[in-house]
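Comments concern the structure below.
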Amino acid sequence: MAIPAATGPDRSAVPDYTKLGRLDGRVFVVLGGGNGIGRQTCHALAQAGAKIVCVDRDPELARMVADEVKGTALSGDINKRADVERIFAAAEKANGAVNGLVDIVGMPHLGPLADLDDAKWASQFDLVVNHAFLATQIGGAAIARAGGGAMTFVASISGLARLPGQVAYGAAKAALIQLVGGMSHELGPKKIRVNRSEEHTSELQSRGLIS
């Protein structure tokens, strides 16, 4: 079907598009914010106007990045429910309502699956997906109390494709992708968007993780 031609010039209102992406005054918790992609995320959000809560297992790294973005530094073991509850309670106490979460945490155990022992297999899922369960549950409740917001989890191309030496990492990232998809449906009615962002092969190559 042909699209009818415009009858005259467009004179509809033009919004200030630069402001549509602003996060002024909104509070974002960044898990794994003390280094690398996490540090860059803290800066990106801060430049958009957000208040940053930088969380890292290393308290000194958390403090250094928080100082850079004039945010709040918190530290803890995000695989422990009590620590995650404490982190979000402290974030709310320091800044008021929490509007968003970005989860950067994750590290691959590389090599053939046949060489992976039980402890590394378990820790791979702790590093990638088990803590994300706590983050979606506890962080989601905090964001719901704020009236809604957004959560983003960094997945990986490894969870979608088969890469040499990354069977365990890929399995954990695939589980994370499924978790994010399911939680987007559960938290959607609470006005919380749950998204994922893939760490692509070029990034893995730049870090020397694959050739």
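The values are calculated or read from the model by the stated rules, or taken from the named source; none is laboratory data. Just so you know, these numbers come straight off a predicted model, no measurement behind them. All Cβ positions, glycine included, derive from the backbone under ideal geometry; neighbour counts span all protein chains shown. SASA here: full protein model, heavy atoms, side chains in, ligands and nucleic acids out. Shrake-Rupley method; radii C 1.70, N 1.55, O 1.52, S 1.80 Å.
Does ASN99 satisfy being open to solvent by 40 Å² or more (accessible area, probe 1.4 Å) and polar (S, T, N, Q)?
Numbers: open to solvent by 40 Å² or more (accessible area, probe 1.4 Å): no; polar (S, T, N, Q): yes.
No: the conditions fail for ASN99.
Exactly one condition in (1) buried (at least 18 other Cβ atoms within 10 Å of the Cβ); (2) touching a strand residue (DSSP E or B) at 6+ places or on another chain (Cβ under 7 Å) is not met by LEU61; state its number.
Condition not satisfied by LEU61: (2).
So, of the residues in the stretch 105-134 that are open to solvent by 60 Å² or more (accessible area, probe 1.4 Å), part of a loop (DSSP other than H, G, I, E, B) and of a type in the set (A, V, I, L, M), which turns out to be farthest from PHE153 (Cα to Cα)? Spell out the reasoning first.
Here is the first cut: in the stretch 105-134, the ones open to solvent by 60 Å² or more (accessible area, probe 1.4 Å) are 107, 110, 112-115, 117-121, 130, 133.
Then keep just the ones that are part of a loop (DSSP other than H, G, I, E, B); that gives 107, 110, 112, 117.
Retained after the next criterion (residues that are of a type in the set (A, V, I, L, M)): 107, 110.
Values: MET107: 14, LEU110: 21 Å.
Top of the filtered list is LEU110.
Of all the residues that make up the stretch 6-22, how many are touching a residue at least 24 places away in the same chain (Cβ under 8 Å) and either open to solvent by less than 80 Å² (accessible area, probe 1.4 Å) or among the hydroxyl-bearing types (Ser, Thr, Tyr) (or both)? Steps first, answer last, please.
Narrowing the stretch 6-22 to residues touching a residue at least 24 places away in the same chain (Cβ under 8 Å): 21-22.
Next, only the ones that are either open to solvent by less than 80 Å² (accessible area, probe 1.4 Å) or among the hydroxyl-bearing types (Ser, Thr, Tyr) (or both) stay: 21.
So the answer is 1.
Hey, SER156 hits all of (1) open to solvent by 10 Å² or more (accessible area, probe 1.4 Å); (2) within 14 Å of ASN195 (Cα to Cα) but one; which does it fall short on?
Condition (1) is where SER156 drops out.
Mind checking which residues of the stretch 92-104 are without any contact (Cβ under 8 Å) to a residue 12 or more places away in the chain and part of a loop (DSSP other than H, G, I, E, B)? So that I can check it myself, show each step before the final result.
Applying the first criterion (without any contact (Cβ under 8 Å) to a residue 12 or more places away in the chain) to the stretch 92-104 yields 93.
Within the stretch 92-104, none qualify.
Residues to consider are GLU186, GLU199; find the one that is at pLDDT 95 or above and within 30 Å of GLU92 (Cβ to Cβ). Outline the logic, then answer.
Working: GLU199 fails: at pLDDT 95 or above.
Result: GLU186 is the single residue among GLU186, GLU199 that is at pLDDT 95 or above and within 30 Å of GLU92 (Cβ to Cβ).
Just to be sure, is GLN40 open to solvent by 80 Å² or more (accessible area, probe 1.4 Å), closer than 23 Å to VAL194 by Cβ and free of Cβ contacts under 8 Å to residues at least 40 places away in the same chain? Walk me through how you get there before you give the answer.
Working: open to solvent by 80 Å² or more (accessible area, probe 1.4 Å): yes; closer than 23 Å to VAL194 by Cβ: yes; free of Cβ contacts under 8 Å to residues at least 40 places away in the same chain: yes.
Criteria met by GLN40.
With respect to GLN166, determine if the residue is surrounded by 22 or more Cβ atoms within 10 Å (Cβ to Cβ) and farther than 28 Å from ALA91 by Cβ.
Working: surrounded by 22 or more Cβ atoms within 10 Å (Cβ to Cβ): yes; farther than 28 Å from ALA91 by Cβ: yes.
The answer is yes for GLN166.
Being over 24 Å from GLY106 (Cβ atoms), surrounded by fewer than 24 Cβ atoms within 10 Å (Cβ to Cβ) and either without any contact (Cβ under 8 Å) to a residue 24 or more places away in the chain or out of contact with any Pro (no Cβ under 6 Å at 6 or more places or on another chain) (or both): is that true of GLY25 here? Step through it out loud before you land on a result.
Working: over 24 Å from GLY106 (Cβ atoms): yes; surrounded by fewer than 24 Cβ atoms within 10 Å (Cβ to Cβ): yes; either without any contact (Cβ under 8 Å) to a residue 24 or more places away in the chain or out of contact with any Pro (no Cβ under 6 Å at 6 or more places or on another chain) (or both): yes.
Answer is yes for this residue.
Take the conditions in contact with a Leu (Cβ under 6 Å, 6 or more places away or on another chain), under 24 Å from ARG196 (Cβ atoms) and part of a helix (DSSP H, G or I) and apply them to ILE87. Does it pass?
Numbers: in contact with a Leu (Cβ under 6 Å, 6 or more places away or on another chain): yes; under 24 Å from ARG196 (Cβ atoms): yes; part of a helix (DSSP H, G or I): yes.
Spelling it out, ILE87 is indeed in contact with a Leu (Cβ under 6 Å, 6 or more places away or on another chain), under 24 Å from ARG196 (Cβ atoms) and part of a helix (DSSP H, G or I).
What pairs come up if the first residue lies in the stretch 162-174 and is without any contact (Cβ under 8 Å) to a residue 24 or more places away in the chain, the second is open to solvent by less than 10 Å² (accessible area, probe 1.4 Å), and their beta carbons are under 6 Å apart, counting only those six or more places apart or on different chains?
Pairs that qualify, where the first residue is without any contact (Cβ under 8 Å) to a residue 24 or more places away in the chain and the partner is open to solvent by less than 10 Å² (accessible area, probe 1.4 Å), are GLY170/SER158.
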